Amino acid sequence: MRNGDFPRPLRTTHYEIGHTLHCTINPLLTISCLSKTFSDGVLPVVNELSFEVEDGELFALLGPSGCGKTTVLRLIGGFMRPNHGSISFDGRLFAGDGSFVPPEKRGIGFVFQDYALFPHLAVAQNVAFGLRKEKAAVRKERTDEVLKLVGMEGFEDRLPHALSGGQQQRVALARALAPRPRLLLLDEPFSNLDAYFRNEMRDNIRAILKEEGITAVLVTHDQEEAMVFADRLGVMQGGRVDQIGTPEEIYLTPRTLFVAQFMGQTNLVLTHADGATADSVLGKLTLHRPAEGMVLVAVRPEHFTIAPTADHPDAMEATVLSRSFKGHDITYRVQVGPVDCLVHTHNREPFAPGDTVFIRAVEPAVVLDKAGE
Amino acid sequence: MPVARLHDFRWYLWGPALLVAVGVLVPLSYLVLRAFQGDAGELADLVLRRRNLRLLGNTLGLTAGVLLLTSAIAFPLAWLVARTDIKGKPFVTLLGVLPLAVPGYVMAYALMASTGPSGLLSGLHLPRPSGYAGAWLALGLYTFPYLFLNLRAALLGLDPALEDAAQSLGYSNREVARRVVLPQLRPAFFAGGLLIALHVLGDFGVVSLMRFETFSYAIYLQYAAAFDRVYAAWLALMLLSLTGVMLLLEMRLLRGRRYERTGSGSARTTSMSPLGRWTAPAYGFVGLVGMAGVALPVSTVVYWLGRGVEHGRWSDLLSAFLDSCSAALPAAVLATALALPVAYLSVRKPSWPARAAERIAYLGYATPPLAFALALIFFTLRSAPFLYQSLGLLIAAYALHFMAEAIGPVRSALYQAPVRIQEAARNLGRSPLRAFFEGTFPLLRGSLGAGMALVFLSALKELPITFLLSPLGFRSLAMGVWGAASESLFSVAAPYALVLMATSTALVGLLLRKA
């Protein structure tokens, strides 16, 4: 079945319906209460982790190094056994309840961080490695097909060491795609590429996966990569998932302090909430959800406007501390009362350090969960 | 670390490892069993004999002497190659490696056959070496490469930044050498020295030809001439304990000493210091080492060959060559086949049983060959008499004794082969065993070949194990050299010695070219 022709999976449409849908309707991959402790460690590397991936979805696990994301991927691939919890895929139990399906029986594609191409085999042999049960003609046809798909036709007889990093990466992808897996796991596949090439490869691979209707789980520490690549992502910390959602949800409404900070620069203010608004040192803030009492709120730097004059009753007077010009925008560090605040702006108005300006939040501030919640 | 869990248990990995452990440990325990046969008074008499003390003195004296001699050769030679602008470095290095192709008993033979009234050097009126001096010279000349290679590698691997740092802190060249360079060479010196000490302890060919009574020679005499098996077992146990002490000493000395470069990036290469007024002595020294270690054995053999080979000797030679290969080839294959799972377990599935299996393989290697052969004899006579004096037992003995030589290269190749490769193969539908053979094995081929060549070479040259365990009518090249040389039939020994040296040189050359 694995190497047979699968019907193209039906496109699920709930992403277009709305971004707030957390529960997948028909999961292809279900991870539930997964835990893994290494034999020499005390703390679990993966701790009671659960998430689901829909058929045809591109899912990213995002987190700093050491958060356990690669371990999750290796558990799904079958290279390790979980201590607790279960992994099921398309109705089959891969791990859990004492059962364990070895990696060679899972039919999942895996693209390794360092590609793991067989150094003694030429490109075509590497790609054909997973097709040994096919007839020679079919094997040849499929090899040519995937090599063409990744734009590596003409390299069939090269050995891996004679390829550049990006070429090796494409061969690794072709090799993983050749047996037509329904699920592809990608372990930091872009981290060994230089910045320019990385974006191109990422867009390329995303397009290929979408076109082939392949479900994928990507592991990365680069939040931009995760947001661009994935339909949904899970932000991990210390073996747990802090938040799962679409890139927009995660970026615009982070649930925890960790997620807010990990997804990009943000301004944090401890303030007293009074229902839908809060009177903070950064001025009167609208809250994205009602809250009462002391709360920590986050406002992204680009959600402020900056102006030379007070053009709004809520605008707060501030003093410019520093200015960094980054080409497409400018970041100002300004002082508002006792606190520093970052403001991104496209405004070309050349404020200089020492200038008096007025800032105002134009988007609701995000109320973060209290630690431990 | 936990013992591999049940689901990780794979017979094709643990089966061979278990076989190695049993093959090495069971015979050795029979040695103990045999030693304690006889009543208490007799045992006390055997153990407390005055002769034992003399044997101990002789053995230790020879070991110390050889260590001094090899240091005196290897240190300057390694320094010249690694740190000076001496010309023809590949050639000098070759001079430091080639004696490895000359078995000890051939070196002893060369010393004996070149001196004396009819020898190649008869014009010099040198006394024919024998006893301590003869054994000392022969052993030193053929074992110094172990130290040379270790020291050379260590010198080339030193971080020159450390020396620059010392100089910037006000140390003179001489002080830098003494206080910075020499201390860093210590691990290499211990490693090479241990190998040499083990060779001296285990040596039988040289001391028997030179008639110098060490433990090995005495064991042989007791076993072959006096038929006193219990005393032979005791002597073997004493030799074994001496070996154990050496190993422990080495471990103690090396504990906590790791001198790898700590910085990142690739190191600068060291600048070579000009020889200056040392030019003439340096070339003289290299010439002397080359003459003694390489030219002497070769020219002696050629000289005696030139004096004519009797008819019929060539067919004897051919049958000896075939006999040698009939045992050494299967042994090389078997040793490598055992080394692969043992090395794999220790690299990829580290646990205490895996480490133990590897240690036991090294124990088999360090066990003096006479003691090991004697242990196997006691074991087979007691438990498996049908194996006694069979070719199978000889092959197994070679394989168990020399498999450590195959573990080394396989181990380092396994460390270099990425684990992910095998996972990629699993991911693409291969069972664990097939994933290994299709993904990792192709990357190990070169090292497996190297390991096999090393074991083959050692088995080819091996004398005492062959002596004690060979089937009736079996006559190897090594036995040919030794038998003739011990009766001063130098022209009879010459063709055997030539074939041994030529085969060894060819194999060593092959290994060096691959490396």
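Couple of notes before you dig in:
- Proxy reagent accessibility, fewest Cβ within 10 Å first, across A:PHE51, B:PHE474, B:PHE36, B:PHE148: B:PHE36, B:PHE474, A:PHE51, B:PHE148
- Neighbours of A:TYR332 by Cβ distance under 15 Å: Lys/Arg scored +1, Asp/Glu scored -1, total 0.
- Partner chain coverage, peptide A:121-133 - average Cβ within 10 angstrom: 2
- The convex hull of the Cα atoms of chain B, projected and averaged over all directions, covers 28.2 nm².
- Under 15 Å, Cβ to Cβ, from B:PHE467 - net charge with Lys/Arg +1 and Asp/Glu -1: -1
- Which of A:MET263, A:LEU321, A:LEU184, positive extreme of dipole for chain A (C-beta unit charges): A:LEU184
- Counting DSSP beta bridges with both ends in the protein assembly as shown, the antiparallel % (nearest 5): 75 percent
- Sorted largest first, extent of the protein assembly as shown alpha carbons per principal axis (Å): 118, 69, 64
- Across the range A:267-368, the relative contact order, built from alpha-carbon pairs under 8 Å that are at least six residues apart, equals 34 percent.
- Rounded to the nearest 20, the Cβ-based charge dipole of the protein assembly as shown about its Cα centre (Lys and Arg +1, Asp and Glu -1) stands at 3520 debye.
- Considering helices alone, the calculated mean residue ellipticity of chain A at 222 nm is -6500 deg cm²/dmol, with DSSP H runs of length four and up weighted by -39500 (n - 2.57) and normalised per residue.
- In terms of its C-alpha gyration tensor, the range B:312-417 comes out oblate, because a/c is 1.5 or above while a/b does not outweigh b/c.
- Of the beta bridges in chain A, as assigned by DSSP with both residues counted there, near 75 percent are antiparallel.
- Using alpha-carbon coordinates, inclination of helix A:195-212 to the longest axis of chain A, degrees: 60 degrees
- Between helix A:165-177 and chain A: long-axis angle, C-alpha atoms, 0 to 90°, nearest 10: 60 degrees
- Using a Gaussian network model of chain A in which every pair of alpha carbons under 10 angstrom is joined by a spring, one finds that among A:ALA172, A:ALA352, A:ALA291 the greatest mean-square fluctuation is at A:ALA352.
- Which listed pairs, of A:LYS69/A:LYS284; A:LYS105/A:LYS148; A:LYS210/B:LYS349, have C-alpha distances above 29 Å, in listed order: A:LYS69/A:LYS284; A:LYS210/B:LYS349
- In the protein assembly as shown, taking the dipole from charged Cβ atoms about the Cα centre, the farthest positive-side position among B:LEU237, B:VAL24, B:GLY134 is held by B:GLY134.
- The angle between the Cα long axis of helix A:136-149 and the longest principal axis of the Cα atoms of chain A comes to about 20 degrees, rounded to the nearest 10.
- Its DSSP H runs of at least 4 residues, each contributing -39,500 (n - 2.57), put the calculated 222 nm mean residue ellipticity of chain B at -24000 deg cm²/dmol, to the nearest 500.
- Within 10 Å of the Cβ of each residue in A:172-182, the mean number of Cβ atoms contributed by other protein chains is 1.
- Mean partner shielding of peptide A:93-105, defined as the number of other chain Cβ atoms within 10 Å of each residue Cβ, is 2.
- 14 Å beta-carbon shell around B:VAL92, net charge (K/R +1, D/E -1): +3
- Applied to the range B:272-280, the Karplus parametrisation 6.51 cos²θ - 1.76 cosθ + 1.60 on θ = phi - 60° returns per-residue 3J(HN,Hα) values of 8, 7, x, 6, x, 6, 8, 4, 4 Hz, with x for Gly and Pro.
- Taking a ≥ b ≥ c as the square roots of the eigenvalues of the Cα gyration tensor, an a/c ratio of 1.5 or more together with a/b no larger than b/c marks the range B:1-119 as oblate.
- Dipole of chain A [Lys/Arg +1, Asp/Glu -1 at C-beta], most positive-end residue of A:PRO290, A:ALA307, A:PHE38: A:PHE38
Values in this text are rule-based calculations from the coordinates and carry no lab data. Note that this is a predicted model, so its numbers are computed, not measured. Positions of Cβ are backbone-derived with ideal geometry, glycine not excepted, and every protein chain shown enters the neighbour counts.
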